[in-house]
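Below you'll find the structure, written out as structure tokens, and then a few comments.
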Amino acid sequence: MNVLDWWYGAIGLSIPAAILFTLAMTHVTIVAVTVYLHRCSAHRAVDLHPALQVFFRAWLWLTTGMVTKEWTAIHRKHHATCETDDDPHSPQISGLGEILFKGTEYYRAANTPETLAKYGKGTPDDWLERNVFSRFSTTGVVLMLLLDIVLFGTVGIVVWAVQMMWIPFFGAGVINGVGHYLGYRNYECPDAARNIVPWGLLIGGEELHNNHHTYPNSARFSTKPWEIDVGWMYIKLFAMLGLAKPLYTGPVATRVAGKSHIDMDTAWAAVNDRARIMARYAETVVKPLAEVEIGRSDAAARRMVRRARNVLCRAERIIRDRDRRDIDAITASSAVLKTIYEKRLELTELWNRRNGEELLHGFGKWCSEAEATGIKALRDFVVYLRSYSVPMRA
């Protein structure tokens with residue numbers, strides 16, 4: 001092989017071909033992260049065939065150097081301590097710029113023996129993990145660099161560099177940063193997670209971060225008809241090939257048309273589907289009543305009441321001082337908005353009850369009191385809530 005052969009590599013790639021090859025390689029890495037590391041290892045939402053797990057572990061060893069136990073433990077800690085000082089990577093605490101551009105540094109700082117011991121249970125501990133993937137975690141990326149250079153020459157260096165930057169930027173930076181700072185929320189989960197865009201194409205469905213934090217043990221991240229989750233598409237493909245089995249895809253609940261009473265099935269189904277119920281409360285109770293109150297207010301109060309559509313539905317855990325001042329001003333200016341805010345807090349409190357009789361009594365009492373307010377939107381919501389039930393077994 002002469003000098004020119006080394007310059008262009010054993011195969012060589014034109015610029016367009018190099019771009020397509022790099023996108024294909026990074027796409028496989030994204031699939032490995034979202035399907036194997038995230039949904040399978042961290043959340044146990046899907047079972048993967050052992051051979052497929054080994055493939056993903058080997059691929060990640062070559063393209064990222066990430067160790068399954070480390071990634072899993074840090075991600076589990078993120079869910080357990082989200083938006084607190086103990087969160088490994090919260091832009092609400094550390095700032096968006098810090099997480100977006102220094103996400104990998106925060107990942108390394110959180111990678112402590114204490115974190116691994118507490119949150120890393122149940123991750124691979126076989127011969128390959130002990131003697132290859134964990135023991136020589138940086139060897140894989142060096143081998144990938146050498147392979148890229150041999151195959152593609154100097155272009156291979158660029159291909160390798162993009163591979164190495166893809167997950168640190170899009171995974172550790174964009175998802176952990178932007179995903180807790182900018183975007184839309186389908187559900188008021190108890191943290192700041194947001195859906196960046198409704199089409200999870202570039203980062204394998206991880207863009208649907210609010211959905212994931214609402215249903216963290218679901219193998220499917222899309223919850224609306226217009227949302228796309230590429231990771232879920234791969235899981236369905238693997239399932240067709242006998243390589244995967246989704247374990248959980250959403251709340252265990254159904255609705256029965258015409259059901260007009262609260263029973264134990266109603267209570268348990270509502271607890272399971274609490275995120276969707278609270279989203280409906282925001283959409284059908286808070287927002288329309290806020291619009292009515294806006295029409296009755298002067299210009300100054302109108303601006304404040306517009307805020308009601310957001311702050312009156314915000315999870316208590318992420319309410320800031322400004323939000324609290326707005327809530328106090330809004331509820332003081334409108335008896336109707338004060339009532340629906342208080343009823344929302346009472347409904348939220350019910351989710352924490354685990355005693356069946358207390359839960360049943362609590363739902364019955366809440367529905368009776370909501371109807372007694374005389375507020376039509378609340379009465380209509382009670383009809384919706386009473387229709388909940390547990391699905392019948394096939």
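Given a 1.4 angstrom probe, what's the average accessible area per residue across the chain, in square angstrom?
For the chain, the per-residue accessible area is 49 Å².
Leaving ligands, DNA and RNA out of it, report the carbon-plus-sulfur percent of the accessible area of the chain at a 1.4 Å probe.
Carbon with sulfur: 60 percent of the solvent-accessible area.
Which of the listed residues, Met264, Val150, Thr64, is farthest toward the dipole's positive end in the chain, when Lys, Arg count +1 and Asp, Glu count -1 at the beta-carbon?
Met264
Using a 1.4 Å probe and counting only protein heavy atoms, arrange Lys102, Lys259 so the residue with the most accessible area comes first.
Listed by decreasing accessible area, they come as Lys102, Lys259.
Indicate, rounded to the nearest 5 percent, the antiparallel portion of the DSSP beta bridges found entirely in the chain.
If we restrict to bridges inside the chain, about 80 percent are antiparallel.
HN-Hα J couplings of region 222-227 from phi, Karplus 6.51/-1.76/1.60, θ = phi - 60°, integer Hz, Gly and Pro as x?
Values, residue by residue: 7, 10, 10, x, 8, 8 Hz.
Report P(r) for region 240-380: all Cα-Cα distances, bin width 5 Å, range 0 to the bin holding the largest distance, values in whole percent.
Pair shares across the bins are 2, 9, 17, 19, 17, 13, 9, 6, 4, 2, 1, 1, 0.
Is the shape of region 61-121 best called rounded, prolate or oblate, per the rule: a/c under 1.5 gives rounded, else a/b larger than b/c gives prolate, else oblate, with a ≥ b ≥ c the square roots of the Cα gyration tensor eigenvalues?
It comes out oblate by the Cα gyration axes.
Excluding same-chain pairs closer than 8 in sequence, count the lysine pairs in the chain whose Cα atoms lie under 16 Å apart.
The number of close lysine pairs in the chain is 12.
Any idea what the relative contact order of region 93-240 is, in percent, if you count C-alpha pairs under 8 Å spaced at least 6 apart?
In percent, rounded to a whole number, it is 18.
If you bin every alpha carbon distance in the chain into 20 Å steps from zero, what whole percent lands in each bin?
24, 49, 22, 5, 0
In deg cm²/dmol, rounded to 500, what helix-only [θ] at 222 nm does the chain give when every DSSP H run of at least 4 residues adds -39500 (n - 2.57) and the total is split over its residues?
-17000 deg cm²/dmol
What is the helix-to-structure angle for 299-311, meaning the angle in degrees between its Cα long axis and the longest Cα principal axis of the chain, kept from 0 to 90 and rounded to the nearest 10?
Between helix and principal axis, roughly 60 degrees.
Roughly speaking, what is the stretch gain from Thr154 to Ile15, that is 0.36 nm per residue apart minus the C-alpha to C-alpha distance, in nm to one decimal?
That works out to 48.9 nm of additional length.
Taking the Cα centroid of region 331-381 and of region 17-94, what is the distance between the two, rounded to the nearest whole Å?
40 Å
Using each residue's phi in region 234-251, evaluate 6.51 cos²θ - 1.76 cosθ + 1.60 at θ = phi - 60° and report the 3J(HN,Hα) Karplus result to the nearest Hz, with x for Gly and Pro.
Each residue of region 234-251 in turn: 5, 4, 5, 5, 4, 5, 4, 8, x, 9, 8, 9, x, 9, 7, 10, x, x Hz.
Using amide H atoms built 1.01 Å from N in the peptide plane, name the residues 5+ places from Ala244, or on other chains, whose amide H lies under 5 Å from its own.
His49, Ala239
Using unit Cβ charges (K, R positive; D, E negative) and no other charged atoms, how large, in debye to the nearest 20, is the dipole of region 107-180 about its Cα centre?
Charge dipole of region 107-180: 160 debye, to the nearest 20.
Along the charge dipole of the chain, which of Phe136, His361, Asn176 sits closest to the positive end, that is, farthest toward it, with unit charges on the beta carbon of Lys, Arg, Asp and Glu (+1, +1, -1, -1)?
His361
If you line up the long axis of helix 15-31 against the longest principal axis of the chain, both from Cα atoms, how many degrees apart are they, to the nearest 10?
50 degrees
Treat every Asp and Glu Cβ in the chain as -1 and every Lys and Arg Cβ as +1, leave all other atoms uncharged, and give the resulting dipole magnitude about the Cα centre to the nearest 20 debye.
In debye, rounded to 20, the chain gives about 820.
The values are calculated or read from the model by the stated rules, or taken from the named source; none is laboratory data. For clarity, every value in this text was computed on a predicted model and none was experimentally measured. So basically every Cβ, Gly included, is an ideal-geometry build from the backbone, and we count neighbours across all protein chains shown. Note: accessible area is taken over every heavy atom of the protein model, side chains too, but ligands, DNA and RNA are not part of it. Shrake-Rupley method; radii C 1.70, N 1.55, O 1.52, S 1.80 Å.
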